[in-house]
Structures are given as C-alpha cells and as structure tokens.
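Encoded as structure tokens, the structure appears first; notes follow it.
Quick note: the coordinates plus some simple rules give every number you see, no bench work behind them. Bear in mind the structure is a predicted one, so any value in this text is a computation, not a measurement. Don't worry about glycine lacking a Cβ; one is built from the backbone with ideal geometry, like all the others, and counts go over all protein chains shown.
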Amino acid sequence: MRICLLCQQNSIESNLLDWLFDFTGHEKYLCQKCQQQFIPINPQTACPGCGRKQAVKKICQDCQSWAKNSSQQLLNNRALFCYNLQMKKYFEKYKFQGDYQLRLIFQKKFQQVIKQIGNKKIIIPIPVSPTTWQQRGFNQVEGFLAGTDYLDVLIVKPDFFKDSQSHKKRYQRLALPQPFTLKSQINLQQKDCLLIDDVYTTGRTLYHASKVLQAAGVSSIKSLTLAR
Ligand SMILES: [Zn+2]
Ligand SMILES: [Zn+2]
C-alpha cells in the first residue's frame with residue numbers, strides 16, 4: 001500500500017474516474033483528499049495574460065494595469081492550478097522543507113502540457129540563485145522537467161538575491177532590478193521560447209526573464225507555471 005506523498009497519512013487508491021478524466025497525472029502520488037484540493041485552471045477561460053482562473057476569458061485587472069504601465073508586451077502565461085491553501089502547503093514542503101520527491105506529483109502534467117504548447121520551442125526554466133541552490137540543493141522548477149528537454153540558459157546574476165525572494169514583501173519585489181542574465185555563447189536568435197516557473201505571483205520574475213530573452217533576439221515567448 002502506498003501512502004500519499006503530501007499528507008503522508010492516507011493511502012492511495014486507484015480510482016477509475018481519475019483514469020477516465022486523466023485528472024492531472026498526479027493520482028499516483030496523492031490521496032483522493034489531497035488531490036481534490038488542487039484546483040485546475042481551465043485554459044479556455046483563463047486570463048490570456050497571466051493565466052489566472054476566471055469564469056470568462058478576458059484580460060484581468062492586474063494584466064490591464066500592467067499593460068497600461070509597461071512598455072513590455074503582456075506575457076501569454078498558462079498556469080495549471082490556482083495558488084490556494086493546498087498549493088501553499090505543497091510549496092512549503094517542496095521548496096522550503098526541501099522534500100525533493102514532491103517534484104514527482106506534477107512532472108507528468110508538465111510533460112503533457114509542454115507537449116501541447118511547447119512543441120518546437122526552447123524550454124527555459126527560471127533559475128534559482130547560487131545561494132538558494134546551496135540551501136535547497138535543487139532548482140524546484142527543473143524538478144518538474146524530468147523527461148523534458150530543456151536549456152538552462154538563464155542564470156541569476158551572482159549575489160543578486162541576498163535574501164530568499166519569497167520572504168520579501170510584494171512591493172519590494174516589484175521594485176527589484178533585473179536579476180537575470182544569459183549564459184554567454186548561447187544563440188537564441190529567432191527562437192520560440194517557453195519559460196517555466198513554479199508560481200506566477202506578480203509576474204515580475206517572468207517579465208524580467210522575458211526581457212533578457214527579447215534582448216537576445218528571440219522571436220516569441222510564452223510561459224508556463226504550476227500555479228497562479
Ligand atoms: Zn494526502
Ligand atoms: Zn491576468
């Protein structure tokens with residue numbers, strides 16, 4: 001009998017319905033109860049800018065004010081799940097307690113969606129800083145990408161994040177200068193790119209990353225996050 005990776009209490013039952021609906025591919029690792037608390041986002045009605053869950057497809061308030069105040073084009077972000085309490089718990093265990101096996105829960109879903117929207121694109125994960133890497137021992141975004149070809153072309157400028165980004169207040173984060181740079185010797189001219197990140201919060205991280213890629217001459221950029 002296998003035990004749920006997340007709550008580590010309930011056993012995992014296979015359910016015919018999971019298979020029929022191809023819920024998300026994480027049925028192998030989660031109990032029924034934990035699984036149900038992740039809320040998938042329907043891409044048909046999500047905000048075309050940030051991927052936020054909505055009942056009707058339209059540019060959301062956040063994206064509208066972004067578009068007004070920025071010269072950068074709106075990102076075309078696809079988010080897989082809502083950032084709710086369950087997702088918060090997940091990230092606490094995965095990122096902050098460093099439970100690396102939790103990457104398995106969403107790997108298959110990433111594979112499926114990247115196959116759909118990332119075809120012939122260069123898959124580029126958002127990097128973590130060397131400090132975070134030392135503390136955590138892994139890049140949580142690359143953890144989702146097993147079985148997927150990706151290029152780690154972005155790096156965090158040395159010593160950019162002195163403190164962990166997630167502990168900064170929202171307004172501080174908005175004011176952050178460009179944290180990323182490209183590894184040298186990499187030619188991205190005329191390439192179509194798909195950026196991958198864990199969470200879309202303000203969008204700042206992805207907008208910074210896309211700016212670097214634009215400067216490198218790519219022809220298009222989309223992004224995919226686990227949560228919004
Ligand atoms: Zn569970
Ligand atoms: Zn939006």
Open item on the list: Tell me the mean residue ellipticity at 222 nm calculated for the chain from its helices only (DSSP H runs of n ≥ 4, each -39500 (n - 2.57), averaged over every residue, nearest 500).
Closed with: -8000 deg cm²/dmol
TODO: Give me the angle, in degrees from 0 to 90, between the Cα long axis of helix 204-215 and the longest principal axis of the Cα atoms of the chain, rounded to the nearest 10.
DONE: 50
Open item on the list: If you fit an axis through the alpha-carbon atoms of helix 104-117 and take the longest principal axis of the Cα set of the chain, what angle between them do you get, 0 to 90°, nearest 10?
Closed with: 50
Open item on the list: Students often get this wrong, so check it: of Lys115/Lys222; Lys28/Lys57; Lys53/Lys88; Lys93/Lys211; Lys58/Lys108, which have C-alpha atoms separated by over 20 Å?
Closed with: Lys28/Lys57; Lys93/Lys211; Lys58/Lys108
Open item on the list: Please report the net charge: other residues with Cβ closer than 13 Å to the Cβ of Gln64, K and R +1, D and E -1.
Closed with: +2
- [ ] If a/c stays under 1.5 just call it rounded; otherwise compare a/b with b/c (prolate if a/b is bigger, oblate if not). Do that for region 57-162, with a ≥ b ≥ c from the square roots of the Cα gyration tensor eigenvalues.
- [x] rounded
Open item on the list: With bins 5 Å wide starting at 0, give me the P(r) of the chain over every alpha carbon pair, in whole percents.
Closed with: 1, 6, 13, 18, 20, 18, 12, 6, 3, 1, 0
TODO: Would you mind calculating the relative contact order of region 36-156 from Cα pairs under 8 angstrom and at least 6 residues apart, reporting the percent as a whole number?
DONE: 21
Task: Taking the chain and dividing mean pair separation by its residue count, relative contact order in percent (alpha carbons under 8 Å, at least six apart) - done: 20
Open item on the list: If I model a spin label as a point 7 Å beyond the Cα along the Cα-Cβ vector, how far apart are those points for Ser219 and Gln8 in nm?
Closed with: 4.9
- [ ] Pull up the DSSP beta bridges for region 41-227 and report the antiparallel fraction as a percent, rounded to 5.
- [x] 15
Open item on the list: If packing is taken as the average count of other Cβ atoms within 10 Å, what order do 211-217, 115-121 fall into, highest mean first?
Closed with: 211-217, 115-121
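If you take every residue apart from Lys191 with its C-beta less than 13 Å away from the C-beta of Lys191, what net charge results, scoring Lys and Arg +1 and Asp and Glu -1?
+2
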Open item on the list: Can you give me the distance in nm between label points at Asn69 and Gln37, each placed 7 Å from the Cα along the Cα-to-Cβ direction?
Closed with: 3.3
